[in-house]
Amino acid sequence: MARPPRRSGNLPAETTSFIGRRRELSAVRKRLSEARLVSLVGPGGVGKTRLAVRMAAALGRGFPGGAWLVELAEVRDSAGVGDAVMAALDVRDQAAGEPSAHLLSYLRDRKLLLVLDNCEHLLEAAARLVAEVLRAAPDVRVLATSREPLSAPGEHVVPVPPLELPSPHAPLARLRQSEAVMLFTERAAAGSGGFELTAANQADVVNLCRRLDGLPLAIELAAVRTRVLTAGQILDRLTDRFGLLTGGGRTALPRHQTLRTTIDWSHDLLAADERALLRRLCVFAGRFTLEDIESVCASGDVPAARALDLLASLVDKSLVTKEDAGDLACYRLHETMREYAGLRLREAGEQEAVERRCVEYYESRCRRSAAESRYRLVEWLRWLDLEIDNVRSVLRRLLTRGDPSRATALAYSIGYYWITRATSEGARWIDELIASGAGDPEAYYMRGFLSVLQSDPVTARPALERAVPAAQRAGLTSLASQSLSLASIAANMAGDRSAARRLGDEAATGLVDLPATLMFLQSRALNGLSDGDLDTVRSASSQGVRISREAGDLYSLDMMLMNLGSAALIAGDLDESEPLLTEALRIAHRIDDRVGQYCLLDALGCHAASSGRARLAARLLGAAETVRTGAGASVLPFLASLLARAEQSAVTALGAAGFEGEFEAGGRLSRDAAISLALGEPARPSAEASDGAGTAPLGKREAEVARLVADGLSNKQIATRLFISEHTVDSHVRRILDKLGFGSRTQIATWVTSADG
């Protein structure tokens with residue numbers, strides 16, 4: 001019923017100026033107006049990703065559902081392509097069954113642009129998913145980047161060549177307009193702080209850009225060396241190296257060899273400890289932190305005490321990319337650089353040792369934190385959101401090496417990630433572990449738990465039936481009790497109330513610790529809600545609230561408060577239910593539990609309807625529907641009758657058309673805005689609210705900077721124009737992007753143009 005919410009997408013902010021590519025931008029724009037799948041195809045290092053992001057930012061306003069970047073470079077399994085798309089869209093895979101079905105359902109009525117980046121190692125899986133998306137979602141368009149075409153139906157290919165090369169005899173003014181020269185000059189100026197293109201160095205710069213075949217990555221690696229070398233010195237050293245490969249002749253190298261040779265040259269200029277660190281960094285599948293580096297890469301040539309200095313040097317040389325994840329600095333390798341580093345790691349004979357340290361590090365880190373994760377859930381989930389690609393990589397290595405028991409222990413140790421973030425993905429991992437021979441009780445327990453969350457008793461019951469005796473044989477009394485409590489919930493879901501009571505009684509004999517006790521209380525509360533036994537719900541949930549609050553177990557506290565608030569709501573006690581439900585919603589928002597958020601938005605919508613606030617009720621019900629479908633969750637049975645009454649009450653008060661309008665308006669709210677509405681708190685202003693309002697959301701200086709960005713000036717040019725430092729301009733641009741909710745300078749320019757027009 002609800003219309004898809006309007007969202008802006010997830011494109012990264014541009015941190016450096018975008019150079020040239022007018023022809024390619026025009027070609028992509030034209031192709032995307034005619035076709036629904038356009039692939040940017042070219043060699044590594046040619047700038048496909050940057051071009052795709054720039055194009056998506058320029059076209060984003062034409063897609064009410066936004067433009068979304070899906071980074072596939074860190075995905076190693078074909079089964080992970082759909083997971084990566086859902087993660088980029090911020091969609092949770094709570095539903096049982098194939099994740100692609102949930103993804104296609106989510107996309108069906110949306111008008112958005114998907115940017116699939118680095119498809120070359122997953123061509124078949126990417127092509128299959130794209131074909132399914134284009135069939136199911138008529139208003140979705142896909143822009144892909146790859147070293148070769150996807151060969152999917154309806155694909156239009158746009159080759160991405162190197163940057164336009166300068167003529168060796170062009171005058172200085174003409175050279176300043178050459179794409180390759182502009183890139184070298186700007187990056188050299190940023191790196192050295194004082195580089196300028198002059199009549200004295202123009203020949204060296206021209207020859208250098210031509211020698212590097214106009215490949216952006218090669219040019220950037222060379223430009224950063226102007227901190228210590230002149231353009232002529234860089235050219236001489238590269239020419240010597242190229243000459244060795246061509247026997248001193250004038251034969252041109254293939255472009256992939258040009259890039260490899262440039263990377264070789266940059267690599268060989270590094271000190272021995274810098275080279276050692278760079279090659280070891282390839283072991284990380286995704287982002288990594290300084291702590292990760294110190295634990296995995298620091299040995300022998302790379303002492304831990306030097307890790308920070310060496311990392312800073314590699315960042316300065318553009319060999320490693322720095323990002324910010326909240327208040328934590330993290331790093332990644334460009335995919336071409338990761339491949340190169342992997343080759344060097346194998347040549348050094350270090351691959352096995354470094355990979356072993358990586359596996360042991362993540363095993364140890366996850367196992368150490370497993371017992372305490374439920375009591376420090378916010379911080380733990382923040383860490384795992386950052387590290388999940390590396391953990392997935394370790395899981396795959398353990399499975400590939402035929403060690404399912406260690407893989408099971410690792411998958412079990414991050415159980416709260418599967419529970420709150422990726423239920424279906426976790427289920428697939430566990431299924432693979434069981435199929436590979438893992439008979440550990442933890443595998444069956446986790447599979448049953450995830451199936452209960454998916455409201456799938458058919459899968460949950462046999463898994464939990466195997467978990468109980470396996471845990472008992474292993475002497476794991478708490479795990480056996482938790483499995484019995486979950487089995488009781490699953491039996492009740494299946495309508496087998498006698499089995500639910502019997503299993504619950506068995507679970508009560510093993511309450512040896514807090515996890516077993518809380519799971520038992522949860523089973524009693526949920527079964528009580530299903531059976532209409534509100535006294536049992538109140539008793540179990542009140543005890544659960546007290547215990548989980550004392551322990552700092554936010555996930556359990558969230559559930560228990562929701563159970564208790566729901567019982568009060570069903571009983572018609574509005575005064576008692578509201579503070580319980582609002583506290584639960586704040587916790588669900590804090591730990592980003594989407595299923596909890598949808599249930600609580602629905603419950604508070606029912607509360608609003610019962611208290612005579614029909615308009616608020618309709619909006620909250622619409623918002624809950626959007627969150628629920630985004631999570632792939634099903635309506636909980638005990639909520640169904642409440643929702644029917646709430647909707648009827650709101651329709652009576654507003655009329656059918658009025659209810660429909662408010663319901664759809666609620667469905668278009670962002671989750672944060674919907675939660676603020678439910679809690680009675682002011683919503684943060686969005687970028688959309690600012691559209692057409694001049695530059696009012698910006699301060700005076702920010703408005704000046706925004707207009708100069710719209711005029712196409714670089715940060716350095718703006719600094720000169722306004723007599724301020726380039727660093728200050730950069731700070732202003734970042735604040736403008738944050739205030740407006742944008743991800744690129746192009747979006748700022750478009751916004752200024754429309755606001756002033």
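Structure summary
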read-out: Order of exposure, largest accessible area first, which applies to K48, K30 with probe 1.4 Å; value: K30, K48
read-out: Positive-pole candidate from T16, G532, A678, dipole of the chain, charges at beta carbon; value: T16
read-out: Part-to-part distance (alpha-carbon centres) for the range 511-528 and the range 387-434, which is given in Å; value: 26 Å
read-out: From phi via Karplus (6.51, -1.76, 1.60), per-residue ³J(HN,Hα) for the range 153-162 in Hz, x at Gly/Pro; value: x, x, 6, 10, 9, 10, x, 10, x, x
read-out: Karplus-derived HN-Hα couplings along the range 270-282 (A = 6.51, B = -1.76, C = 1.60, θ = phi - 60°), whole Hz, x at Gly and Pro; value: 6, 5, 4, 6, 5, 5, 4, 5, 4, 5, 6, 5, 5
read-out: Pairwise FRET efficiency - R367 versus L574, Cβ, R0 = 51 Å, nearest 0.05; value: 0.65
read-out: Label-point gap, in nm, between V635 and S542 - each point 7 angstrom along Cα→Cβ; value: 3.1 nm
read-out: By accessible area with a 1.4 Å probe, ligands and nucleic acids excluded, highest first: order of D264, D730, D301; value: D301, D730, D264
read-out: Degrees, to the nearest 10: 202-211 long Cα axis against longest axis of the chain; value: 60 degrees
read-out: Percent RCO, i.e. relative contact order, over the chain, from Cα pairs under 8 Å lying at least 6 residues apart; value: 11 percent
read-out: Under Karplus coefficients 6.51, -1.76 and 1.60, residue-wise ³J(HN,Hα) of the range 296-304 in Hz, glycine/proline x; value: 9, 9, 7, 5, x, 5, 10, x, 4
read-out: Using alpha carbons only: equivalent-ellipsoid semi-axes of the chain, gyration tensor based, whole Å; value: 50, 32, 22
read-out: Using a Förster distance of 35 Å, the FRET efficiency for A653-L534 (Cβ separation, nearest 0.05); value: 0.80
read-out: Too-long pairs where the Cα-Cα distance tops 30 Å, listed order kept, from K317/K716; K48/K716; K30/K322; K322/K716; K48/K111; K111/K322; value: K30/K322; K111/K322
read-out: Heavy-atom accessible area per residue - the chain, 1.4 Å, Å²; value: 41 Å²
read-out: Reference-scaled alpha-carbon Rg (2.2 N^0.38 Å with N residues) for the range 252-316; value: 1.25
read-out: Accessible carbon and sulfur surface of the range 392-460 relative to its total accessible area, %, 1.4 Å; value: 52 percent
read-out: Alpha carbon convex hull of the range 634-674, volume per residue in cubic angstrom; value: 84 Å³
read-out: Length added when fully stretched, L343-V315, from 0.36 nm per residue minus Cα-Cα; value: 8.1 nm
read-out: The chain, dipole about Cα centre (Lys/Arg Cβ +1, Asp/Glu Cβ -1), debye to the nearest 20; value: 1840 debye
read-out: Debye log10 I(q)/I(0) for the range 267-404, one point scatterer per Cα, at q = 0.10, 0.20, 0.22 Å⁻¹; value: -0.33, -1.27, -1.49
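The values are calculated or read from the model by the stated rules, or taken from the named source; none is laboratory data. Remember, predicted model here, so these are calculated numbers, not experimental data. Cβ: placed from backbone, ideal geometry, glycine included. Neighbour counts: every protein chain shown. In case anyone asks, the SASA skips ligands and DNA or RNA and just uses the protein heavy atoms, side chains included. Shrake-Rupley method; radii C 1.70, N 1.55, O 1.52, S 1.80 Å.
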